[in-house]
2 protein chains.
Amino acid sequence: MLVALAGGVGAARFLRGLVRVVPPEDVTVIVNTADDEVFHGLYVCPDLDTVTYTLAGAEHPEQGWGLAGETFVTMDALDRYGQDTWFRLGDRDLGTHIYRTERLAEGATVSEVAAEIARAWGVVPRLLPMTDDRVATRVTVSRDDGRREVLKMQEWFVRERANPVVAAVDFDGIETARPAPGVLAALEAAETVLICPSNPVISIGPILAVPGVREVLRRRRDRVVGVSPIIAGAPVKGPADRLMGPLGMEVSCVGVARAYAEFCGTLVIDSGDEQRAREVEAAGVHAVVADTLMTDARVAAALARHTLDAVA
Amino acid sequence: MLVALAGGVGAARFLRGLVRVVPPEDVTVIVNTADDEVFHGLYVCPDLDTVTYTLAGAEHPEQGWGLAGETFVTMDALDRYGQDTWFRLGDRDLGTHIYRTERLAEGATVSEVAAEIARAWGVVPRLLPMTDDRVATRVTVSRDDGRREVLKMQEWFVRERANPVVAAVDFDGIETARPAPGVLAALEAAETVLICPSNPVISIGPILAVPGVREVLRRRRDRVVGVSPIIAGAPVKGPADRLMGPLGMEVSCVGVARAYAEFCGTLVIDSGDEQRAREVEAAGVHAVVADTLMTDARVAAALARHTLDAVA
């Protein structure tokens, strides 16, 4: 059994490769839910949905969220009522959020609904939210006038396009969050734990911060292998650089290695970063070089193969 | 000031005519909310929305609900999750229901939200729900095997196309429902109270059954004028015949007159029903003959003019 820790787009692309090289039913994915947010009264789980849609082959090919071929009729209708619609939810995508919100109101857990949605899309790997409790990433930013302000993750990332300078990141509710059913058991039983190429601060960070998760990984460090989301000093997609830098992490595969060293024995870095392999090793992490830019599912499959081989 | 009691399509068409012959700001509409229902966790007020959309000139031209030019992408998406989607909510229309549901969750009343939605559509007449409390029409039907079953109004009307034979109609919650703010005062102060050509049983019936409403109308009987929704023994639209008949009312303008006689001094009947005028008068209701089939807004305006003149 394989377990993968996952955020959004980067993770989803990696997982699409992974299920080409191992039986999908052998894969459990533990997904970040600290980006979850309520929009217009609807409960949105961006990372769970991105992973689900991508594994179903239904994701939007360019933008980092939502479904292919979306329309935005309902968002336009909400504009009439003066609603903030900067988080653009497509009409097909809204079906998912309406369904999830109704199920949660009926008393279902995020885990249960995630499984139902995955099943509806024919997704075979087991998708687990990191927790069924509410955890919310809050980004403290420094405004131009020096004032500090606490933003919700999506406000910082989507509404303000990750422009405000980050001073701190917190995961509200994390201290009392319990791992979702199956999370710790899966990590204990996994032959290999893969850390997908996701944002180390706000995608992998919250999963690691769920009480109990980091401890299991530390004990199983030799079976943990990560893929650096940073290539040549920049993230492939998303705002990792705008979080790692201000929070004191070097924006490089070496910075990732140092952040993960405590619980991750091996890190896959991009072939363009080969000259940094020694520094990764110096951080106590075994460096493996591969092509990590997942331009298509074939490349993603090769990367997944390399990643598994690195700890075979 | 004029006050109109309104259900859905027939009322909306009449009101569109009315605001052509009187200043729209002089009109208060008291709208049935006993058909309100929660679909997919979203609070839908069919009659309020039909009146709002029609007064805004945005209603679907043929079907008796929703907006012109609708798409149904979100409904199709909900099908994937095995949801019952026989009540087809269009993508634009969903904006209204999402907005209302969020506002109600924030603590707003149905009245407040109805006013906000009307304002957003540029609708000038004041739209009041009959009550801010939850009232729900329940239709007891007799199945073919003799079994009785209680259906929600929309289940009977939309899902089962008004086919099951009706044994009884109840308005759950009506005993404790309070008239919405302004309802009784508007009825007391109205120069004329118009009963729109709506279903007497399930559209006008619930409004009359809100504690206090019937009493005011009874006292002001001379200022109350109705328009028969029944022409030549059949409703223009909707299932009035399938409710009036089984509940012991004659399906005719005479049946309407008898049902309204206690609180309605004048009834406008269709020119095709002229030969029934005497029977209407025999029921104690002054009969006025006019063209009541509102094929367009011009005809509706002429009907509104006639109706007002009948009690001038």
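Every read-out reported here was derived from the displayed coordinates using simple, explicitly stated rules and does not represent laboratory data. This structure is a prediction, so every number in the text was calculated from the model and none was measured. In this analysis, Cβ positions are derived from the backbone assuming ideal geometry, glycine residues included, and neighbour counts consider all displayed protein chains.
Please go through region B:61-99 and write out the chymotrypsin sites (Phe, Trp or Tyr not before Pro) that DSSP classes as loop and that have at most 15 other C-beta atoms within 10 Å.
Answer in residue order: B:Trp86.
When ranked by the protection proxy of mean other Cβ atoms within 10 Å per residue, highest first, what sequence do the peptides B:37-44, B:226-233, A:277-284, A:102-109 form?
Numbers: B:37-44: 19.9, B:226-233: 23.2, A:277-284: 17.1, A:102-109: 14.5.
Final packing ranking: B:226-233, B:37-44, A:277-284, A:102-109.
Hand me the trypsin sites (Lys or Arg not before Pro) from region B:132-162 located in a DSSP loop with no more than 11 other Cβ atoms within 10 Å, in residue order please.
Qualifying residues, ordered by number: B:Arg143, B:Arg147, B:Arg161.
What span do the alpha-carbon atoms of region A:164-254 cover on each of the three principal axes, reported in whole Å from largest to smallest?
Principal extents (largest minus smallest coordinate, Cα): 38, 29, 19 Å.
Shielding by partners for B:98-111, please: the mean number of other protein chain Cβ atoms within 10 Å of each residue's Cβ.
The shielding value for this peptide is 3.
Quickly estimate the mean residue ellipticity at 222 nm for chain A, helices only: each DSSP H run with n ≥ 4 gives -39500 (n - 2.57), and the total goes over all residues, rounded to 500. All intermediate terms of the calculation are to be shown ahead of the outcome.
Values: 12 runs with 109 residues, N = 312.
Taken over chain A, the calculation gives -10000 deg cm²/dmol.
Against the 2.2 N^0.38 Å scaling, with N counting residues, where does region A:123-220 land? I'd like the Cα-based Rg ratio to two decimal places. Walk me through the numbers on the way to the answer.
Values: Rg = 15.7 Å, N = 98, 2.2 N^0.38 = 12.6 Å.
That works out to 1.25 for region A:123-220.
Could you give me the radius of gyration and the Dmax of region A:186-312, taking only the C-alpha atoms into account and expressing both in angstrom?
Both quantities, over Cα of region A:186-312: 13.5, 36 Å.
Using a label point 7 Å beyond Cα on the Cα-Cβ vector, give me the inter-copy distances for A:Pro211 in nanometres, one decimal, shortest first.
The answer, with the shortest distance listed first, is 4.9 nm.
Provide A:Asp93, B:Asp241 in ascending order of the number of other Cβ atoms located within 10 Å of each residue's Cβ, fewest first. Walk me through the numbers on the way to the answer.
On the way: A:Asp93 23, B:Asp241 18.
The fewest-first ordering by Cβ neighbours comes to B:Asp241, A:Asp93.
Over chain A, what is the relative contact order in percent, taking alpha-carbon pairs closer than 8 angstrom and at least six residues apart?
Rounded, it is 20 percent for chain A.
Using only the alpha-carbon atoms, how far is helix A:46-55 inclined from the longest principal axis of chain A? Give it as 0 to 90 degrees, nearest 10.
It works out to around 70 degrees.
Based on the Kirkwood radius over alpha-carbon pairs, what is the Stokes-Einstein translational diffusion coefficient of the protein assembly as shown at 20 °C with 1.002 mPa s viscosity, in µm²/s?
Values: Rh = 27.6 Å.
In µm²/s, the coefficient is 78.
Please label the shape of region B:50-108 as rounded, prolate or oblate, based on the square roots a ≥ b ≥ c of the eigenvalues of the alpha-carbon gyration tensor (a/c under 1.5 means rounded; beyond that, a/b larger than b/c means prolate, else oblate).
Oblate, since a/c reaches 1.5 and b/c is not below a/b.
Which single residue of chain A puts its beta carbon nearest to the axis of rotation relating A to B, and what distance, in whole Å, does that give?
Residue nearest the A-to-B axis, with distance in whole Å: A:Asp91, 3.
Mind listing the label-point distances from B:Gly122 to the same position on all other copies, shortest first, one decimal in nm, points 7 Å along Cα→Cβ?
Going from nearest to farthest copy, the values are 4.6 nm.
For B:Leu293, which inter-copy label distances result when the label point lies 7 Å beyond Cα on the Cα-to-Cβ vector, reported in nm to one decimal and in ascending order?
Nearest first, the other copies' label points are 7.1 nm away.
Rg over Rh of chain B, using C-alpha atoms and the Kirkwood radius, what does it come to?
With Rg and the Kirkwood Rh in hand, the quotient comes to 0.95.
Considering only the protein assembly as shown, what is the antiparallel percent among its DSSP beta bridges, to the nearest 5?
45 percent
Once you sort the root eigenvalues of the Cα gyration tensor of region B:51-183 as a ≥ b ≥ c, which label holds: rounded (a/c under 1.5), prolate (a/b larger than b/c) or oblate (the other case)?
oblate
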